[in-house]
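The values are calculated or read from the model by the stated rules, or taken from the named source; none is laboratory data. What you see is a predicted model, and the numbers here were worked out from it, not measured in a lab. Note: ideal-geometry Cβ built from the backbone for every residue, glycine included; neighbour counts use all protein chains shown. Quick note on the areas: whole protein, heavy atoms, side chains included, nothing else; ligands and nucleic acids left out. Shrake-Rupley method; radii C 1.70, N 1.55, O 1.52, S 1.80 Å.
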Amino acid sequence: MPLYSNQKLRIYNSLSGEKELFEPIIEGNVGMYVCGPTVYSNVHLGNVRTFMSFDMIFRYFLHLDYKVRYVRNITDVGHIVDDVDEGEDKIAKKARLEQLEPMEVVQRYTVDFHDILSAFNFLPPSIEPTATGHIIEQIEIVKKIIASGIGYEANGSVYFDVVKFNETNNYGKLSGRNIEDMLANTRDLDGQSDKRNPQDFALWKKAETQHIMRWPSPWSDGFPGWHLECTAMSTKYLGNHFDIHGGGMDLKFPHHECEIAQNEACTGQTPVNYWMHANMLTLNGKKMAKSTGNNILPREILTGENTILSKAFSASVARFFMLQAHYRSILDFSDDAIVAAEKGFKRLMEAMNSISEIPVSNASTIDIPAWIQSCYDAMNDDFNTPILIAQLFEGVRFVNLLKDNKETLHQEDLDLFTTTMQGFVFDVLGLEDEKISDTTNNKLEGTVNMLIEMRKQARENKNFALSDQIRDQLIALGIQLKDGKEGTTFSIN
């Protein structure tokens, strides 16, 4: 029997503003679309947090034995500067500034995107389509929206008539905006725009002479509007009606709002059952921005080549840090916070590495099934990773009690405990045990044992000042000595 049969997962739906019981359209299957990056620059840390949230969600569905089709697109055309209908395509602008072909820009930053996500142990999506690979599908959708009476052509461009759409539908239902208020708060068109209404958005844009990226269409040589690609790719691979659509909180309006409108105008039905949005990441309590210098790239965390952090941190420590916050909450990244996270991560890994040392008993004094369900209850409550991590540290406490023979487990419970800890730590949270290589480990062990022997000789010679100095300096380096009947041992904190 699949795991999902015994678990009741509730998801916060941005459309209703409530947590709702997850009921897939097709039993045992999940269709999930997540808006991917616009590949005109290095992926930034806020993007990594968003994609990490959905990687965790993808992993949990897989853990529950669902068959998942996870589609995450690459925007390689059509994303206008400042996310409005006027201006220059971001990729074309980057290509012009760097004197490159647009696809050189796309290739460079797509490779960077994949490299970073691989370093942070992301699972690849089931399908990763590109906007330029689906121009034909986008043109066909524009034709259908024009046929529905909602789209209109003007001087080679095609726009979506928001006011006419709103006569029979509800434009603004995802973001909670009112069309009348939006129109009232928008300055009047100055007569130079081809739009009928200020809120109308582009489905197809006629390319100016200098515009590099262009395709032939029934209306002009041009390029698709930004919102159109996700409608085309999500419906192609998941159908006109699918389970989950996700992205960053900043995409709720206008991008996702426009997607809903396009789908409803084209197919006559709402496209998605559950809309999910991950919240933003701040740095030292402020918005991250290159212009202010309050910015750090994911790669700079791993190399330590930055002025923000005190040292380099591993990808798993950074991942653990991010998952300590709920995906819908704002997370502030700082040196103090990630240093604290590193300590917690090491405690967790130390416990994972010592589970094999737990002795087997004839009876269990810990209610393992109840603890296991508490882990699932956390994730079933809208993927609450902070609560899950708290439960995993309860598991760490169990490990220490069991190793010290203060609690006991019989074989069946020990197997369940081990499988559950490994399943949630490595499979669901996607953490990796970044062990020191054997060569480095042997050298470290030999050096510390040499210092332990020097400390022993100092104590025998009653040179307690030197003995204490060796101990204190090792503690300062994160190496804890423990004196016992069998001699002195050490552990790395």
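Filtering segment 404-425 down to residues that are free of Cβ contacts under 8 Å to residues at least 40 places away in the same chain and either within 28 Å of residue 54 (Cβ to Cβ) or acidic (Asp, Glu) (or both), which residue is surrounded by the most Cβ atoms within 10 Å (Cβ to Cβ)?
Ranking the qualifying residues of segment 404-425, first place goes to 415.
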Checking 198, 218 in turn, the sole residue that is of a type outside the set (A, V, I, L, M), modelled with pLDDT of 95 or more and assigned to a loop (DSSP other than H, G, I, E, B) turns out to be 218
For segment 104-120, pairs from a residue that is more than 15 Å from residue 49 (Cα to Cα) to a residue that is at pLDDT 95 or above and of a type outside the set (Gly, Ala, Ser), with Cβ under 7 Å and 6 or more apart or across chains, are 110/74
Per the filter on segment 386-415, residues in a loop (DSSP other than H, G, I, E, B) and polar (S, T, N, Q) are 405, 408
Every listed condition ((1) in contact with a strand residue (DSSP E or B) (Cβ under 7 Å, 6 or more places away or on another chain); (2) surrounded by fewer than 14 Cβ atoms within 10 Å (Cβ to Cβ)) holds for residue 208 save (1)
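Filter segment 472-482 for residues that are open to solvent by 80 Å² or more (accessible area, probe 1.4 Å) and at pLDDT 80 or above and give the result.
473
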(1) closer than 20 Å to residue 271 by Cβ; (2) part of a helix (DSSP H, G or I); (3) open to solvent by less than 60 Å² (accessible area, probe 1.4 Å) all hold for residue 140 apart from (3)
Would you be able to say whether some residue in segment 176-199 is in contact (Cβ under 8 Å) with a residue 12 or more places away in the chain, under 23 Å from residue 134 (Cα atoms) and of a type in the set (Asp, Glu)? no
Those residues of segment 162-181 which are part of a loop (DSSP other than H, G, I, E, B), open to solvent by 10 Å² or more (accessible area, probe 1.4 Å) and within 15 Å of residue 197 (Cα to Cα) amount to 167, 178
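Within segment 295-343, restricting attention to residues that are polar (S, T, N, Q) and closer than 30 Å to residue 17 by Cβ, which residue is most open to solvent (accessible area, probe 1.4 Å)?
324
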Note to self: Just checking, does segment 221-233 include any residue being among the aliphatic types (A, V, I, L, M), buried (at least 19 other Cβ atoms within 10 Å of the Cβ) and either modelled with pLDDT under 95 or closer than 24 Å to residue 179 by Cα (or both)?
What the structure shows: yes
Among the charged types (D, E, K, R) and touching a Lys or Arg at 6+ places or on another chain (Cβ under 7 Å), is that true of residue 104? no
Scanning segment 357-385 for residues that are without any contact (Cβ under 8 Å) to a residue 24 or more places away in the chain and either assigned to a helix (DSSP H, G or I) or touching a Cys at 6+ places or on another chain (Cβ under 6 Å) (or both), the one least open to solvent (accessible area, probe 1.4 Å) turns out to be 378
